[in-house]
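A.B. asks: Shown below is the structure under consideration.
The values are calculated or read from the model by the stated rules, or taken from the named source; none is laboratory data. All figures in this text were calculated on a predicted structure; none of them were measured in a lab. Methodologically, a virtual Cβ is constructed for each residue, glycine included, from the backbone with ideal geometry; neighbour enumeration extends over all protein chains shown. Note: areas computed on protein heavy atoms with side chains; ligands, DNA, RNA excluded. Shrake-Rupley method; radii C 1.70, N 1.55, O 1.52, S 1.80 Å.
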Amino acid sequence: MGLAIKGRQIDRIIVIDDDKYGRESSGFAVEESPFEPIIQERGITNLNSFLENDINKTDAVVSDHHLKKRNYFPENGAKVVYECYERQIPAVLVTRFGESEINEIRKFREKIPVILTPGEFNPHTLISSLEICINEFLGNRRPERVAWRTLIRIEDIVDNNIFIFIPGWNYEVSISINKQDLPQEIRNVIKADMRLHAKVNVGAERSEDLFFKDWEAK
Amino acid sequence: MELEDITDEGGTITIHDSGKGMDANEINNGWLVLGQSSKSIKEITPLGRTPAGSKGLGRLAALRMGNTAYLRSVPKSNLESEFQLTINWPQFDSADIVENVQLPITHNHLPGNLTHGSTISIRGLKQRISERDVRKIARGLILLADPFDDDPAAFKPILRSPEFQEMEVLVSKRYFSDADYHLFASVDQTGHASARVMDYLGQTLFEATHEDILGKGNTTILNCPATTFDLWSFILNSTMFTSRTNSITEIRDWLKDFGGVHLYQNGLRVNPYGNPGNDWLNMNLSRARSPEERPSTNNSIGVVRVSDSEGLLSQKTDRAGFIESDVFHEIRIFCQAALDWMAKERIGVAEFKRQKNRQKSSSAATETRDRVQQSISKLNPADREEIEELFNKYDKATQAEVKVLKAEVQLYRTLSTAGITAATFSHESRGNPLKVITQAINAIDRRTKEYFPANYEAVFAKPIQSILNGVRSLEVLGTATLKLLSHEKRRITRVDVHNVISNVRDMFAPFFEGRDIVVEEDFAAGHPYFRSSEAAFESIITNLFNNSIAALENSTAEQRRILIQTVVQENIVKISVHDNGPGITGINVKDIWLPGETTNPNGTGLGLTIVRDATTDLGGSVFAIENSLLGGAEIGVELPIIGI
């Protein structure tokens, strides 16, 4: 079977989840789609060799974000999807994430085109997600995924958390980002009440979908 | 000593002794004569005692306590003779001059060996003697002849009364071995002092020479008769007593009756030294001035023994102590100097210990405290006393506060462990089991639709929907638990009262739904706010909701209801949560705030305690009404706000 999306043939999809039943249940939707699920049962210790060798045998990836709880994967799913993006392999993150993981994912969010919750994940959304990925590889980002230079106000710095406002996105909602995710030169100068610029996908609806790049220190 | 019918006027006091007795001549020329005594303190008695007593004024006062005084004496020199005399006081009252009253001494010759000694009875007492007086007499008699010494030749005063027996048992207990410090100081016949302090095992801790005690360079000899001073000092601290055989209470009781520094002149106690309230060495004053390592009359017992064969110390006529002569003054100086020396040595040890502890854990608080104390000690004496007292009060209050906080930390540690565990479980269940159930049930849903399209609606749709609903509730509950732990909520920020209440209500929505509880809001106009962490305020609202949810489990109402109301009055927002449960029953309203107090067998009894503590932290107060608006309880808080 398989399916050609935007001129790209997708036949096999690798399913990555550190929980056996999680892999199995994610496989259900893939089974019902035109693709063949390849369930990654074996744990891997080296992400690079996995990306070089195993992934090339498949056409796309479906991964959970939480992979490190067991001795299964050395990195979490956000990083896996990011690396796939770098290699132009369509990858969909299927996960539920809480506040504690938002920043973990945000770090790679620019190159994570789609995040689906387990409830949203089905054969149709799988196909549309792969389409979104391939479109991005082709340079067609949806408006909510395009980053624009915008003003950022630092509201407060508490330990490792930086609370910011992005007036161009929503001037009422404070967003927390991790200090360590900022470039070194920004980390060095940052302080409360400071205003600076960065590129942000201000078209995103939800705060967890925002990503930041190209920070400018004054 | 015997007491008869003393509970009312007219009773009798009888005093027997086994002394050498008197014949008619001795009674006439000694006992009956005031202002002189046949006894000479310069002559030691055959038993090695120094005779006591001089003018007989005290005896006269005692004999006058009754209507008649009766004397019977058998002299040791003639054990077949008994002499008797009765003094009838009314005769003196009616006589013009005392010589007109005859005092005939009867002499009976009785064959056989009589026991020598004298008996004096004071009959027809003019005053009753209360139980308290008896206790005082018993104490006085017991202490009279130095019960702390083991001298076999010492007087053995006995009061035939139960109070006495009780006290005798008590005094014989001698808890000396429980004393943490035993000071033994002495002045020898040449006026030179020395001292040592021993621990409870009798091992010498510190030793002092004359100069150590009286000050370096001070070689002047003490102008007083040979004196010894024993002082047993107890550290009445319950932790110190856990390993001892005697309880701290026993020792406290013992010290209450016998504590203080007693003074014995030639083996007989001199009043009032060492009586309750008598602090002739100013121990309590010294302790108040510098409390560290100082004994007080409440935690020590002492004996000063003066061998005054020269009669250098004279008692006042009213027997209220010694005349304040130079000799007495010297004794007092010696005792106080010995106490000062001991305190100094003990402070030295305590300081050494402190330094060691400081090396172990350099506590900034302790150091600062010590520095304050040092600075205080440099002040001029007038200011120092007051500041020292204030600082000690402050220090005590702080210690008490620390104790309470430690207990609270313990409590909250338990709670946070429960919270962390709940969060971990929520996290875990959301990650895997919920994902599996969701994806599996969605697959079943899709597949039944595909493979059994005819039967889907009738057979599968409902159960599949039920599972999806269950999963949704579980997801929300897990999210709610984790939301409470959000670090952003611990930031101090502007907290919008209504927003937080609504958010918590939304978070609880599946919970309320699952329990058929209708939640109504009745908010004041505007958006009252204050500055705090959202987490603090959220914990108040969450626990109030939890409390109502638990109360509604026992509701018989057709519709279970919760009403959350806010009212703004000046700078205060009053937030109350009403429900139509059974109200506050089976527990005192004021007890609901106490940790562990709950009427819910599955509850922890900590929810409302957290409400109270969090409210206090926000500068507010809590209240509870047993039955209010909806019929059930109304529990709420009043918090100061910045604006609306």
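A.B. asks: How many residues does the stretch A:192-218 contain that are closer than 16 Å to A:P167 by Cβ, crowded, with 17+ Cβ neighbours inside 10 Å and charged (D, E, K, R)?
C.D. replies: Of the residues in the stretch A:192-218, 1 are closer than 16 Å to A:P167 by Cβ, crowded, with 17+ Cβ neighbours inside 10 Å and charged (D, E, K, R).
To keep it simple, each residue is scored yes or no on (1) within 30 Å of A:L67 (Cβ to Cβ); (2) within 8 Å of another protein chain (Cβ to nearest Cβ).
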{"residue": "B:L434", "(1), (2)": "yes, yes"}
{"residue": "B:T438", "(1), (2)": "yes, yes"}
{"residue": "B:Y451", "(1), (2)": "no, no"}
{"residue": "B:N455", "(1), (2)": "no, no"}
{"residue": "B:N469", "(1), (2)": "yes, no"}
{"residue": "B:T479", "(1), (2)": "yes, yes"}
{"residue": "B:K483", "(1), (2)": "yes, yes"}
{"residue": "B:I492", "(1), (2)": "no, no"}
{"residue": "B:V495", "(1), (2)": "no, no"}
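A.B. asks: Let me ask you something else. Looking at the structure I just gave you, is B:S473 hydroxyl-bearing (S, T, Y) and open to solvent by 20 Å² or more (accessible area, probe 1.4 Å)?
C.D. replies: yes
A.B. asks: Something else about it: Considering only the stretch A:1-51, how many residues are away from every other protein chain (no Cβ under 14 Å) and within 15 Å of A:F73 (Cα to Cα)?
C.D. replies: At the first step, the residues of the stretch A:1-51 found to be away from every other protein chain (no Cβ under 14 Å) are A:1-14, A:34-36, A:38, A:40-51.
Those left that are additionally within 15 Å of A:F73 (Cα to Cα): A:14, A:40-51.
Final tally of qualifying residues: 13.
A.B. asks: With a cut-off of at least 1 residues that are in contact with a Gly (Cβ under 8 Å, 6 or more places away or on another chain), name the strands (runs of 3 or more DSSP E) lying wholly within the stretch A:133-188. Don't jump to the end; show me each part of the working.
C.D. replies: On the way: elements: A:148-158, A:161-166, A:170-178.
In the stretch A:133-188, A:148-158 are the strands (runs of 3 or more DSSP E) which contain 1 or more residues that are in contact with a Gly (Cβ under 8 Å, 6 or more places away or on another chain).
A.B. asks: If A:F121 satisfies every condition in (1) assigned to a loop (DSSP other than H, G, I, E, B); (2) modelled with pLDDT of 95 or more; (3) in contact with a Pro (Cβ under 9 Å, 6 or more places away or on another chain) but one, which is the exception?
C.D. replies: (3) is the only condition that A:F121 fails.
A.B. asks: With (1) within 29 Å of B:L485 (Cβ to Cβ); (2) open to solvent by 60 Å² or more (accessible area, probe 1.4 Å) as the list, and B:N627 as the residue in question, which single condition is left unmet?
C.D. replies: Here B:N627 meets the rest and fails (1).
A.B. asks: Is it the case that some residue within the stretch A:80-96 is open to solvent by 10 Å² or more (accessible area, probe 1.4 Å), away from chain B (no Cβ under 14 Å) and over 30 Å from A:K199 (Cβ atoms)?
C.D. replies: No: the stretch A:80-96 contains no residue that is open to solvent by 10 Å² or more (accessible area, probe 1.4 Å), away from chain B (no Cβ under 14 Å) and over 30 Å from A:K199 (Cβ atoms).
A.B. asks: Somewhere in the stretch B:49-56, is a residue at pLDDT 90 or above and open to solvent by less than 40 Å² (accessible area, probe 1.4 Å)?
C.D. replies: No, there is no match, as no residue in the stretch B:49-56 is at pLDDT 90 or above and open to solvent by less than 40 Å² (accessible area, probe 1.4 Å).
A.B. asks: Would it be correct to say that B:S555 is over 21 Å from B:V409 (Cβ atoms), part of a loop (DSSP other than H, G, I, E, B) and not aliphatic (A, V, I, L, M)?
C.D. replies: Against the criterion (over 21 Å from B:V409 (Cβ atoms), part of a loop (DSSP other than H, G, I, E, B) and not aliphatic (A, V, I, L, M)), B:S555 qualifies.
A.B. asks: Now, a different point. Restricting the first residue to the stretch B:438-457 and requiring it to be at positive phi, which pairs with a second residue that is open to solvent by 90 Å² or more (accessible area, probe 1.4 Å) and among the acidic types (D, E) meet a Cβ separation below 8 Å and a spacing of at least six or different chains?
C.D. replies: No pair meets every condition.
A.B. asks: Kindly state which helices (runs of 4 or more DSSP H) lie completely within the stretch B:427-522 and contain at least 1 residues that are closer than 22 Å to B:A550 by Cβ.
C.D. replies: Fully inside the stretch B:427-522 and qualifying: B:461-484, B:497-514.
A.B. asks: While we're on this one: Give me a count of the residues in the stretch B:587-604 that are of a type in the set (G, A, S), surrounded by 14 or more Cβ atoms within 10 Å (Cβ to Cβ) and farther than 16 Å from B:T542 by Cβ.
C.D. replies: Start the filter on the stretch B:587-604 by keeping residues that are of a type in the set (G, A, S), which leaves B:596, B:603.
Applying the additional criterion that residues be surrounded by 14 or more Cβ atoms within 10 Å (Cβ to Cβ) yields B:603.
Subset that is farther than 16 Å from B:T542 by Cβ: none.
The number of residues fulfilling the criteria is 0.
A.B. asks: Moving on. Mind telling me which of the residues B:V518, B:V495 ends up being of a type in the set (A, V, I, L, M), open to solvent by less than 70 Å² (accessible area, probe 1.4 Å) and closer than 13 Å to B:I575 by Cβ? Write out each step before concluding.
C.D. replies: On the way: B:V518 fails: closer than 13 Å to B:I575 by Cβ.
Just one listed residue meets the conditions, B:V495.
A.B. asks: Hey, can you tell me all the residues within the stretch A:168-182 that are of a type outside the set (A, V, I, L, M) and surrounded by 13 or more Cβ atoms within 10 Å (Cβ to Cβ)?
C.D. replies: Hits for the stretch A:168-182 are A:G168, A:W169, A:N170, A:S174, A:S176, A:N178, A:K179, A:D181.
A.B. asks: Now for a separate question. Looking for something surrounded by 12 or more Cβ atoms within 10 Å (Cβ to Cβ), at pLDDT below 85 and in contact with a helix residue (DSSP H, G or I) (Cβ under 8 Å, 6 or more places away or on another chain) - is there at least one such residue anywhere in the stretch B:336-345?
C.D. replies: no
The rows are residues; the columns are (1) of a type in the set (A, V, I, L, M); (2) within 14 Å of chain B (Cβ to nearest Cβ).
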| residue | (1), (2) |
| --- | --- |
| A:H124 | no, yes |
| A:I132 | yes, no |
| A:P143 | no, no |
| A:V146 | yes, no |
| A:R153 | no, no |
| A:N170 | no, no |
| A:N178 | no, yes |
| A:R206 | no, no |
| A:A217 | yes, no |
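A.B. asks: Read through the list (1) surrounded by fewer than 20 Cβ atoms within 10 Å (Cβ to Cβ); (2) in contact (Cβ under 8 Å) with a residue 60 or more places away in the chain, then give the number of the only condition that B:S576 fails.
C.D. replies: For B:S576, the exception is condition (1).
A.B. asks: Then there's this: Can you find even one residue in the stretch A:52-66 that is free of Cβ contacts under 8 Å to residues at least 40 places away in the same chain, open to solvent by less than 40 Å² (accessible area, probe 1.4 Å) and either away from every other protein chain (no Cβ under 14 Å) or within 27 Å of B:L434 (Cα to Cα) (or both)?
C.D. replies: There is no residue in the stretch A:52-66 that is free of Cβ contacts under 8 Å to residues at least 40 places away in the same chain, open to solvent by less than 40 Å² (accessible area, probe 1.4 Å) and either away from every other protein chain (no Cβ under 14 Å) or within 27 Å of B:L434 (Cα to Cα) (or both).
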